[in-house]
Amino acid sequence: MSVLSGKRALAAAMLSVACATGAVAHHGWSWAEADQIELRGTIRQISMGGPHPTLDVATADDGVWRVELGNPRQTERAGFVEGVAKPGDQVVALGNRSLDRNEKRMKAVRITIGEKRYDIYPERIRTN
């Protein structure tokens, strides 16, 4: 193996480790508080893309929040698929807010649109 090939292999390995570390950090719950909150508001925008579908929710008292759901397949398994909600719909999100109190962001374990509940992370729901 040439020196250049060895350097390329090392660079590729380091890039792989960096990407894997970022993915683990992003997908974990370490950025969220342990206690759950309930957020009520109106959906402003829905994104069903990866790495996580999101809702931008306008609340009456606290501005617009970013509500992260599970990965696309997990969100779909919960029944929350494109078309079940739209901007303007009322939503109740149960989840864990960001540890950074300046950030209006939460990881939802359940969302409710009208009378329909979507349990994104049923094993994490602390209330019914």
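Computed 3J(HN,Hα) for the stretch 111-121, one whole-Hz value per residue from the Karplus formula 6.51 cos²θ - 1.76 cosθ + 1.60 where θ = phi - 60°, is 10, 10, 10, x, 9, 9, 9, 10, 8, 6, 10, glycine and proline marked x. With R₀ set to 41 Å, the beta-carbon distance separating Asp89 from Ser30 gives a calculated FRET efficiency near 0.85. Bridging of Lys116 to aspartates and glutamates at a Cα separation below 20 Å is possible for Glu38, Asp56, Glu68, Glu76, Glu82, Asp89, once same-chain residues fewer than 8 apart are set aside.
Put a plus charge on the Cβ of each Lys and Arg, a minus charge on the Cβ of each Asp and Glu, and nothing anywhere else: the dipole of the stretch 49-101 about its Cα centre is then about 180 debye.
If you take the charge dipole of the stretch 47-128 about its Cα centre, with +1 on Lys and Arg Cβ and -1 on Asp and Glu Cβ, which of Thr127, Leu94, Met106 is farthest toward its positive end? The residue sitting farthest along the positive end of the dipole is Thr127.
Here, each number is a calculation from the coordinates, and none is a lab measurement. All values reported here derive from a predicted model rather than from experimental measurement. Glycine gets a Cβ as well: all are built from the backbone with ideal geometry, and neighbour counts include every protein chain shown.
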